[in-house]
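The values are calculated or read from the model by the stated rules, or taken from the named source; none is laboratory data. Quick caveat, the model's predicted, so the values are computed rather than measured. Note: ideal-geometry Cβ built from the backbone for every residue, glycine included; neighbour counts use all protein chains shown. Quick note on the areas: whole protein, heavy atoms, side chains included, nothing else; ligands and nucleic acids left out. Shrake-Rupley method; radii C 1.70, N 1.55, O 1.52, S 1.80 Å.
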Amino acid sequence: MAIYLRPDSQTEALAALAQGRLTVLAGGTDYYPSRVGKPLSDDILDISAIASLRGIREENNRWRIGATSTWSDLVAARLPPQFDGLRLAAREIGGVQIQNAGTVAGNLCNASPAADGVPPLLALDARVELADITGTTDMALADFILGNRKTRLRPDQLLTAILIPKPARPARSHFVKLGARRYLVVSIVMVAATLELEAGRVAAARVAVGAASAVAQRLPLLEAALIGQPCDESLGDHVQAGHLSPLAPIDDVRASREYRLDAGLGLVRRVLGELGARAAVCQR
């Protein structure tokens, strides 16, 4: 007989994980659809009742997004412009019912190549906080996701929070997703970017592309090329095809490899152009 546990404290949850392998469940928006027509035989640890894991708050030098915070929580939170791209992504994740139930951390642990939350979080230089019965540690999100449905999360660990560092300078972000239709669609390719600005120019840049590799990828050559450029509507003109060299798209039912690369190039240019134009308006 399958086990179902729903603790109300993190301590209790971690103690249960230390005793044996359990499937951790928060919103369940990925878990249940993947098991339609199949018996639910997994031993479940439902963490949705742990109040300490939910909430978005500002700390001294960072923002903390609790693991069971939902996409709707994120949309409703009062956050600075550096989060604009992540909020746009939150509105693209399924319908309102999914956004009300699905969690930010669950999107990361599911580790789909097309996970909408990953590129904007990479562009925010996010870290994940991991806990076990001995304590907590954290690591860069870029190091946490290893591949399609693969992460560094051990069976005895919980992902307890996503940590977003405060930027050194004023920052803005943007996100655009391409799919076969406007809503309720798995991405063909998506792009997120965060820019830190100083005196009207790009002082730091982080650009990430999802659904075009097994893991969403930052574009370091492009990021370096953007440093010092005027932050205006011409920013997308600096993007070259070679800047997308970290990507390794595949052919599947949604798009071919060639289409993803071509669309990705156009989408990166669009995101940077729109972000530059918005930033320029705000600086006038």
Pairing a residue in the range 199-224 that is open to solvent by 10 Å² or more (accessible area, probe 1.4 Å) with any residue that is basic (Lys, Arg), where Cβ atoms lie under 6 Å and the two sit 6 or more apart in sequence or on different chains, gives Ala203/Arg169
Kindly indicate which of Ala142, Ala193 is in contact (Cβ under 8 Å) with a residue 60 or more places away in the chain, at negative phi and open to solvent by less than 10 Å² (accessible area, probe 1.4 Å).
Ala193
May I ask you to list the residues in the range 46-61 that are open to solvent by 20 Å² or more (accessible area, probe 1.4 Å) and of a type in the set (A, V, I, L, M, F, W, C)?
Ala49, Ala51, Ile56
If Gly210 meets every condition in (1) among the small types (Gly, Ala, Ser); (2) touching a helix residue (DSSP H, G or I) at 6+ places or on another chain (Cβ under 7 Å); (3) farther than 21 Å from Cys109 by Cα apart from one, which number is that one?
(3)
Counting only residues in the range 104-117 that are open to solvent by less than 10 Å² (accessible area, probe 1.4 Å) and part of a helix (DSSP H, G or I), the one nearest to Phe83 (Cα to Cα) is identified as Val104
Taking the range 225-238 as the search range and keeping residues that are of a type in the set (Gly, Ala, Ser) and touching a Lys or Arg at 6+ places or on another chain (Cβ under 8 Å), which one is most open to solvent (accessible area, probe 1.4 Å)?
Gly228
Anything in the range 26-45 that is of a type in the set (A, V, I, L, M) and surrounded by fewer than 20 Cβ atoms within 10 Å (Cβ to Cβ)? List them, or say none.
Val36, Leu40, Ile44
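Condition check ((1) of a type in the set (A, V, I, L, M, F, W, C); (2) under 14 Å from the mean Cα position of the chain (by Cα); (3) under 20 Å from Phe83 (Cβ atoms)) across all residues:
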position: Ala131; (1), (2), (3): yes, no, no
position: Ala140; (1), (2), (3): yes, yes, yes
position: Arg152; (1), (2), (3): no, no, no
position: Pro167; (1), (2), (3): no, no, yes
position: Phe175; (1), (2), (3): yes, yes, yes
position: Ala216; (1), (2), (3): yes, yes, yes
position: Leu221; (1), (2), (3): yes, no, no
position: Gln229; (1), (2), (3): no, no, no
Does Arg149 satisfy the condition of being modelled with pLDDT under 95, open to solvent by 10 Å² or more (accessible area, probe 1.4 Å) and either of a type in the set (Phe, Trp, Tyr) or within 27 Å of Gln19 (Cα to Cα) (or both)?
yes
Can you say whether Asn100 is free of Cβ contacts under 8 Å to residues at least 40 places away in the same chain and part of a helix (DSSP H, G or I), as far as the supplied structure shows?
yes
In the range 2-16, anything touching a residue at least 40 places away in the same chain (Cβ under 8 Å), surrounded by 15 or more Cβ atoms within 10 Å (Cβ to Cβ) and either among the acidic types (Asp, Glu) or not in a loop (DSSP other than H, G, I, E, B) (or both) is listed as Leu5, Gln10, Ala13, Leu14
Output yes when any residue across the range 17-40 is part of a helix (DSSP H, G or I) and within 19 Å of Glu129 (Cα to Cα), and no when none is.
yes
Residue satisfying condition, being part of a loop (DSSP other than H, G, I, E, B) and open to solvent by 10 Å² or more (accessible area, probe 1.4 Å), within set Arg64, Arg87, Arg78:
Arg78
Exactly one condition in (1) within 22 Å of the chain's Cα centre (by Cα); (2) free of Cβ contacts under 8 Å to residues at least 24 places away in the same chain; (3) open to solvent by 50 Å² or more (accessible area, probe 1.4 Å) is not met by Gly266; state its number.
(3)
Looking at the range 239-263, which of the residues that are over 18 Å from His174 (Cα atoms), in a loop (DSSP other than H, G, I, E, B) and at pLDDT 95 or above is most open to solvent (accessible area, probe 1.4 Å)?
Gln240
Output the residue which, of all residues in the range 46-61 that are in a loop (DSSP other than H, G, I, E, B) and touching a residue at least 40 places away in the same chain (Cβ under 8 Å), is farthest from Leu108 (Cα to Cα).
Asn61
